[in-house]
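The values are calculated or read from the model by the stated rules, or taken from the named source; none is laboratory data. Being a predicted model, the structure only gives us computed values, none of them experimental. Methodologically, a virtual Cβ is constructed for each residue, glycine included, from the backbone with ideal geometry; neighbour enumeration extends over all protein chains shown. Side chains are part of the model used for accessible areas, which takes the heavy atoms of the whole protein and leaves out ligands, DNA and RNA. Shrake-Rupley method; radii C 1.70, N 1.55, O 1.52, S 1.80 Å.
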Amino acid sequence: MEETFDSEVNKSCPNCGAELKFKPGSHQLLCQYCGYEEFIAQEKSSFEELELQHYLKVVGENAYTETIELLNCKNCGANQHVEENYKSLDCVYCGEPLIREDIEKEGWILPGALVPFQLDGKKARQLFKNWVRGIWFAPNNLKRAALAPEGLHGLYVPYWTFDANLYAAYQGQRGDYYYETQRVRTKKGIQTRQVRKTRWSRVSGHVSGFVDDILINASEKKRREIPEKIAYWNLKELVAFSPKYLAGFVTEKYTISLKEGHHRSFREAKEIAYNWIRRDIGGDTQRIGHADIKLSDETFKHILLPVYISSYRYNGKEYLFYINGQTGVLSGSRPYSFWKIFILVLFILVFIILIAIFAQ
């Protein structure tokens, strides 16, 4: 019998009965009505690194340890879980309505850790407003979106992290630059110039080390990828998972399986190995002919990372704005108002014509 994710039971305020929500920048739950605060008990031991091969062989891709209630957006496919009592909600990515009657239960590997939100909704909305004020020719509905408190959602995004011991034996070539003086004929006569050349020598060897926290985005979002600019979190701030941190926020379920995440992490590990090999070869440039890369003692975590998202539409096109919920770094796509640009161009043309008339 599957066990239901215990965060489905929401915590009520002992003073007034309202729902307690996580207070960003703290380890507390807060009642927004009477101000009651309650500390979230911290695990005495650190969060667990799970042995990868056990999960791939025994647990597999489709068998998980817990179940969670999810709303699936029929427009963009995002799977979203909300830690509060609600009747309806808009999708954080595309704004389409999600209805509680459409809720489904799905299995997932329980998160081992998360980075809690450090910014609250008020601070995030202020960052959004400041960004909108700073851009030219923004349509009025974008400014209204910046003012609407319901337009900005706090979202925990799922990631896989992978650790391993890496060993790579390699064969290649080391290139050292040297320069030769050559005489060339030009319009000014015979001149000399320095030509750079490379002296190659065969090399072989091995590199090894520990690869820590290869981060793989576990949500396939296609046209709504989280911008690289904001996708940096301080993973030293990870805390052991507690469902209480999710209260008041949306949580997205991973759509990239552990197996696929592992495949992608190996590509990242290969790039790390090649960087180590180039550094080991030395010289001015390197060629890697062959590298036998092996990973051992592999472990993984399913973690959740905080992002604020605002989605809005203009002329039938979707635009997204993102804020890193830990650092406050922001990034967004923006529309341009045709009429504002048209009026400015028209004003400039009229101004030029008037100057030309008075200059005669």
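Tabulated values for the structure
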| read-out | value |
| --- | --- |
| Largest to smallest accessible area among D297, D120, D163 [probe 1.4 Å] | D297, D120, D163 |
| Heavy-atom accessible area ranking, 1.4 Å probe, most first, across W108, W200 | W200, W108 |
| Nearest-0.05 FRET efficiency for D297 and I103, computed from C-beta distance (R0 45 Å) | 0.70 |
| Exceeding the 25 Å Cα-Cα cut-off - candidates K105/K301; K23/K105; K105/K236; K236/K294 | K23/K105; K105/K236; K236/K294 |
| Per-residue SASA entry for F266, accessible area with 1.4 Å probe, Å² rounded to 10 | 80 |
| Residues with amide H under 5 Å from that of F22, placed H, sequence gap 5 or more | L30, A247, G248 |
